[in-house]
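Please treat every number below as a calculation from the coordinates, not as lab data. Note that the coordinates shown come from a computational prediction; the quantities given were computed from them, not determined experimentally. Using ideal geometry, Cβ is built from the backbone for each residue, glycine included, and neighbour counts are taken over all protein chains shown.
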Amino acid sequence: MELNLEIQNRAGLHARPAAMFSQKSNAFKSNIMIYKDGKSANAKSIISVMGLGVKKGDILLVKIDGSDAAEAGTALQKIVDEKFGEE
């Protein structure tokens, strides 16, 4: 499955939101990759996620492959929509 997530929190995916995104991704068995501006990252790695330099307004393409892909997509959409609890 694929989805586009617009990062809405003020500071983008700095350390705490990147950690939350990776932690949520690690709760699922599916392989989860994120893409921005031609670069990719394993969503389960905080270092990889932070390495994308995601800012407010950036749109991430998220590709999820596995038996719990739908659940993972819903969970990731939710934390992004909630702005990682920052605002």
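Which order results if 28, 21 are arranged by neighbouring Cβ count within 10 Å, fewest first?
Arranged by neighbour count, lowest to highest, 28, 21 become 28, 21.
What is the diffusion coefficient of the chain in µm²/s, taking the Kirkwood radius over Cα pairs and the Stokes-Einstein relation at 20 °C with a viscosity of 1.002 mPa s? Rounded to a whole number, D works out at 173 µm²/s. Listed from fewest to most Cβ neighbours within 10 Å, the set 22, 67, 48 follows the order 67, 48, 22. Spatially close Lys pairs in the stretch 36-87, defined by Cα atoms under 15 Å apart and a spacing of eight or more places or different chains, total 8.
Counted without the sites themselves, the longest stretch of the chain free of trypsin sites (Lys or Arg not before Pro) in a DSSP loop having at most 14 other beta carbon atoms within 10 Å is 57-87. Count charges around residue 64 for me, please; just the other residues with Cβ under 10 Å from its Cβ, Lys/Arg as +1, Asp/Glu as -1. That sum, taken over residues with Cβ under 10 Å, equals -3.
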